[in-house]
Structure formats: C-alpha cells, structure tokens
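Below is one structure, written out as structure tokens; comments come after it.
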Amino acid sequence: MKPEKLQYNVIFRPEPEGGYTVMVPALPGCITYGHNLKEARKMAANAIQGYLLSLKKHKEPIPSDDETFIGSVRLSLNKTLVCA
C-alpha cells in the first residue's frame with residue numbers, strides 16, 4: 001500500500017527583524033518561524049507533522065489543500081473605499 005501524500009499551502013511572511021513566520025491556512029493555529037527560508041520550510045514541515053499527529057491521536061479528520069490554491073487580490077488605495 002502506497003503512503004498517502006498530502007499537500008498544504010503555506011504562507012511565508014518576512015519579518016522586519018529577519019526570518020520568516022510561516023502559516024498553514026488549512027491547519028488553524030499552525031504557525032512557526034525560521035531564521036531563513038530553508039529553516040522556515042523545515043520548521044513548517046515539522047509543525048505540520050506535529051499537527052497531523054495530534055489530529056490522528058484525537059481521532060479528528062485530517063484536512064489537506066489538495067484542491068485549494070493561493071491567489072491574491074490587488075486593490076488601489078487611490079480610490080475612496082466606502083463601507084456601508
């Protein structure tokens with residue numbers, strides 16, 4: 001039996017003091033940090049693994065990002081934004 005492969009989108013946010021905070025949107029609260037991009041990727045993999053082990057231990061469903069993707073929306077701040 002083949003091991004199941006899961007995919008997770010991660011967001012790497014550069015920090016003003018250096019390094020990267022990493023967030024995993026599909027896993028609420030799964031956030032980690034690395035001093036550089038290589039370390040941040042490794043820390044993200046470790047954080048995801050730990051999160052999934054906890055879900056399995058508590059018999060919770062294991063989500064993945066197999067069918068989702070990250071996009072972006074760019075807004076112009078030159079136009080007046082009106083909230084109703």
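The values are calculated or read from the model by the stated rules, or taken from the named source; none is laboratory data. Being a predicted model, the structure only gives us computed values, none of them experimental. Note that we place each Cβ from the backbone using ideal geometry, even for glycine, and neighbour counts take in every protein chain shown.
Do we find a residue being more than 16 Å from residue 66 (Cα to Cα), in a loop (DSSP other than H, G, I, E, B) and modelled with pLDDT of 95 or more anywhere in the stretch 1-14?
No, the stretch 1-14 has no match at all.
Provide a single number: the residues in the stretch 17-37 that are surrounded by 10 or more Cβ atoms within 10 Å (Cβ to Cβ) and over 16 Å from residue 6 (Cα atoms).
Residues flagged as surrounded by 10 or more Cβ atoms within 10 Å (Cβ to Cβ) and over 16 Å from residue 6 (Cα atoms) within the stretch 17-37 amount to 13.
So which residues in the stretch 7-16 are closer than 16 Å to residue 45 by Cβ and either crowded, with 17+ Cβ neighbours inside 10 Å or in contact with a strand residue (DSSP E or B) (Cβ under 6 Å, 6 or more places away or on another chain) (or both)?
Within the stretch 7-16, 8, 10, 11, 12 meet the criteria.
Cβ-Cβ under 8 Å, sequence separation 6+ or interchain: first residue in the stretch 42-65 and farther than 20 Å from residue 9 by Cβ and touching a residue at least 40 places away in the same chain (Cβ under 8 Å), partner surrounded by fewer than 11 Cβ atoms within 10 Å (Cβ to Cβ) and of a type in the set (D, E, K, R). Which pairs?
none
For the stretch 40-56, how many residues are under 11 Å from the mean Cα position of the chain (by Cα) and either outside any helix (DSSP H, G or I) or charged (D, E, K, R) (or both)?
The number of residues fulfilling the criteria is 1.
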